[in-house]
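Data block below; observations after.
The values are calculated or read from the model by the stated rules, or taken from the named source; none is laboratory data. These numbers come from a predicted model, not from an experiment. Neighbour counts run over all protein chains shown; Cβ positions are idealised from the backbone, glycine included.
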Amino acid sequence: MYFRRLKLSGFKSFVEPAELYIEPGLTGVVGPNGCGKSNLLEALRWVMGESSPKSMRGGGMEDVIFAGTANRPPRAFAEVVLQAVTSDREELEVVRRIERGAGSAYRVNGRDVRAKDVSLIFADAATGAHSPALVSQGRIAAVIAAKPAERRAMLEDAAGISGLHVRRRDAEQKLRATEANLARLEDIMAGLD
Ligand code: ATP
């Protein structure tokens, strides 16, 4: 999968709609301190399903919405659109939007989906909000200090198999529910004998 375009509106310091084309090859983002370089990386992580406000340098998820300045009022929502091309060469458009008091909503190619569906798309493509390809400040030290289980999770993300764990957990849950239903059915049938 490769990313083609990122659109931001009301996200952190990007109060005005902004578009970024990601050309093939190496992309560099340069600018003075505090101009929003890290916010761009956070927008990418956020649209891929990041659910931890802490890793977005905020206290709550709504902190990603433009908070206003001395001469600009705060925004009521933030939206990030990511356009990508999958390994099957299909166009993919993921939209995440958050409104104050209403939480996040996701769309994939125009259809409403759950956060989990978005995370799975990127986990299967060995990328996503926790991808080891996104190296933010302090992350290298975190890798060195990580416990073996955490390091294993990083390797699994890199190998693109973390989506399988999610599916396995789902399947196990369904199996347990089915077993409970079966046991109940057997009780009822025993009562009918
Ligand atoms: P550095 O080079 O220092 O790491 P940077 O270019 O990575 O800086 P960022 O950390 O991405 O910059 O941007 C920080 C700026 O974003 C700050 O000016 C901060 O006030 C602004 N900012 C962050 N969250 C919000 C928000 N919710 N509303 C408005 N502005 C915000």
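Key figures for this structure:
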{"quantity": "Single unsatisfied condition, Met56 versus (1) surrounded by 15 or more Cβ atoms within 10 Å (Cβ to Cβ); (2) closer than 27 Å to Ser162 by Cα; (3) of a type in the set (A, V, I, L, M); (4) in contact with a strand residue (DSSP E or B) (Cβ under 8 Å, 6 or more places away or on another chain)", "calculated": "(4)"}
{"quantity": "Residue among Ala125, Ala129 that alone is modelled with pLDDT under 90 and buried (at least 19 other Cβ atoms within 10 Å of the Cβ)", "calculated": "Ala129"}
{"quantity": "Residue list for region 115-167, restricted to those being in contact (Cβ under 8 Å) with a residue 60 or more places away in the chain, β-branched (Val, Ile, Thr) and more than 26 Å from Thr27 (Cβ to Cβ)", "calculated": "none"}
{"quantity": "Failed item, numbered, when Gln173 is tested on (1) modelled with pLDDT of 90 or more; (2) closer than 20 Å to Ala78 by Cα", "calculated": "(2)"}
{"quantity": "Scan of region 4-26 for residues that are exposed (fewer than 15 other Cβ atoms within 10 Å of the Cβ) and under 16 Å from Met48 (Cα atoms), ordered by number", "calculated": "Arg5"}
{"quantity": "Val94 within 18 Å of Pro17 (Cα to Cα) and modelled with pLDDT of 90 or more", "calculated": "yes"}
{"quantity": "Criterion violated by Ala190 - all others in (1) in a loop (DSSP other than H, G, I, E, B); (2) over 28 Å from Ala76 (Cα atoms); (3) of a type outside the set (Lys, Arg) satisfied", "calculated": "(1)"}
{"quantity": "One residue from Ser51, Ser9, Ser38, Ser13 being hydroxyl-bearing (Ser, Thr, Tyr) and under 15 Å from the mean Cα position of the chain (by Cα)", "calculated": "Ser51"}
{"quantity": "Sole exception among (1) within 22 Å of Ser13 (Cα to Cα); (2) touching a Lys or Arg at 6+ places or on another chain (Cβ under 8 Å); (3) modelled with pLDDT under 90 for Phe77, by number", "calculated": "(3)"}
{"quantity": "Number of the condition not met by Leu26 [criteria: (1) farther than 28 Å from Leu120 by Cβ; (2) at pLDDT 90 or above]", "calculated": "(2)"}
{"quantity": "Matching residues in region 137-193 - criterion: being of a type in the set (Ser, Thr, Tyr) and under 21 Å from the mean Cα position of the chain (by Cα)", "calculated": "Ser162"}
{"quantity": "Residue in region 98-105 that is surrounded by fewer than 13 Cβ atoms within 10 Å (Cβ to Cβ) and within 17 Å of the chain's Cα centre (by Cα) present", "calculated": "yes"}
